[in-house]
Amino acid sequence: GGNQSMPFVFDNAVGKSEAALTLTYPRDWTEDGVGILSIWFRGDSANAAEQMYVALNGTAAVNHDNPDAAKIRSWTEWNIDLQSFADQGIDLTNVNTMTIGFGNWNNPTAGGAGMMYFDDVRLYAQ
């Protein structure tokens, strides 16, 4: 709900910025009909416009549809269809890491900086 959100300072002078979480449970992201990863975030209009992405298992990433998402000042829910990770070869029954990042996942290039907040990361049935 924003009261204990994760602050995330990004500085893409080196190409990209990431925060990763190693998962112990839940690792099977297909249980009980799960199909959506939901992440709430908020940025600042002073942030650089950097691409926001989520990566699973360090091998597949999904970009936010809005390249200016880092500039959104109100709490915003980002729903990601897990099928978009499965389509890239991720075994959703064995998810071991989740990474939130800014920049170009495939081709990091120097970019800007900013401050983000993340909260209420959840899995939902589809």
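For the chain, carbon and sulfur atoms together expose 46% of the accessible surface, with a 1.4 angstrom probe and every protein chain in place. In this structure the amide hydrogen of residue 72, modeled in the peptide plane, comes within under 5 Å of the amide hydrogens of 43, 44, none closer than 5 places in sequence on its chain.
Its relative contact order, with pairs defined as Cα atoms under 8 Å and 6+ residues apart, puts the chain at 48 percent.
Residue by residue, the stretch 95-108 carries 3J(HN,Hα) couplings of 8, 10, 9, 10, 10, 9, x, 10, x, 9, 4, 7, 9, x Hz when phi is fed to the Karplus relation 6.51 cos²θ - 1.76 cosθ + 1.60 (θ = phi - 60°); x denotes Gly or Pro. Look at where the Cα atoms of the stretch 37-87 and of the stretch 110-126 average out, and the two centres are 6 Å apart. On a per residue basis, the chain carries 53 Å² of accessible surface, using protein heavy atoms and a 1.4 Å probe.
The values are calculated or read from the model by the stated rules, or taken from the named source; none is laboratory data. These numbers come from a predicted model, not from an experiment. To get the accessible areas, we keep the full protein, side chains included, count just its heavy atoms, and leave off ligands, DNA and RNA. Shrake-Rupley method; radii C 1.70, N 1.55, O 1.52, S 1.80 Å.
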